Each structure stands twice: as C-alpha cells, then as structure tokens.
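The values are calculated or read from the model by the stated rules, or taken from the named source; none is laboratory data. Note that this is a predicted model, so its numbers are computed, not measured. FYI the Cβ positions are ideal-geometry reconstructions off the backbone, even for glycines, and counts take in every protein chain you see. Calculation scope for accessible area: heavy atoms of the full protein, side chains included, ligands and nucleic acids excluded. Shrake-Rupley method; radii C 1.70, N 1.55, O 1.52, S 1.80 Å.
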Amino acid sequence: MSSSTTRKKIVYVIGHTLPDTDCVCSAIGYAHFKNLTDKRYQYTPARAGSINDETRFVMEKFGVPTPIEIESLSPTVSDLELHKPILTRECDSVYSLAQLMREEKVRAVPVVESRGRVSGIVGLSDIAQFQDRKSTRLNSSHIPLSRMPSSA
C-alpha cells in the first residue's frame, strides 16, 4: 500500500498551557524533525492555549501558520489502538462462544442480533453460571445465546 493511500495517525506536538514564543516554535520545530525521522505518524504542531502578541508577531513575520489550538488534552477512545472486534451472534451456541473466548483470550464478548445491533455482553461468569444450572455438558449441547440472560 502506498503512503499516499495510507492514512497516518496524527500525533500532536504541544508545549505547555501558556504558549509563549519559544514553546510554540519548539513544537513547530520538533514536529518537523519527527516527520523527517519517523514515518509511522504525522506529527502536527499544536498549542494548549491562546498565543500572546509576541508569538503572533513572530508567526506573521516569518510566514509560519500559527499551530492549531487543542482545547482538551484528555485522551479519548479514538486515541486507543483499536483491533478487529470479537463478537458472537445470538444464535451461536454457548459452546462455540466458550471456544472463541478461549482462542482469543478474552473474558467478555459482545452479542449481536440478526440486524447487527449489540444486544448484550456475555462474560466468562455468565457462561459458568448458566452451565451450573444445566445438567448437560457444554461440548455436547448447542444452546443458543438468546436463551442466556443478557448482562447489558
């Protein structure tokens, strides 16, 4: 895949919360350096507050765009490395779900209905509690997940 069709994750380079000239210029310079030396991400200079008159003058004097202002530095879900979701359907057997959870090394799996909407979450404890109430073994019965109580 060529780099023109691959969208890189943006990493904002930010100084302190009262951005003076050296802080803003350092963010611009470091973002430029990182873009030259690390091709995994797109480094973008930013600031965490309003710039002062001196910094505005310097940006205008040298024709450098003022870095964007980031209003919140709190991480969001989009900052996480997301993986392909592991899920199961309501009509899948409890046994196949247990196998999936073991293979994928997960403790809970979202359950989707026929239209693809999440209808609940099944965890290991749900499977254990359900199996305790049944006299048959999981590997000899195919119990639809829709018969299990939903945790959601």
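Quick look at the values:
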quantity	calculated
Test: residue in region 58-68 that is among the charged types (D, E, K, R) and modelled with pLDDT under 95	no
Helices (runs of 4 or more DSSP H) completely within region 1-107 that count 2 or more residues being hydrophobic (A, V, I, L, M, F, W, C), open to solvent by 80 Å² or more (accessible area, probe 1.4 Å) and free of Cβ contacts under 8 Å to residues at least 12 places away in the same chain	21-37
Candidate set: region 108-127, residues that are in a helix (DSSP H, G or I) and more than 21 Å from residue 83 (Cβ to Cβ); chosen: the one least open to solvent (accessible area, probe 1.4 Å)	127
Residue within region 36-44 that is out of contact with any helix residue (DSSP H, G or I) (no Cβ under 6 Å at 6 or more places or on another chain) and aromatic (Phe, Trp, Tyr) present	yes
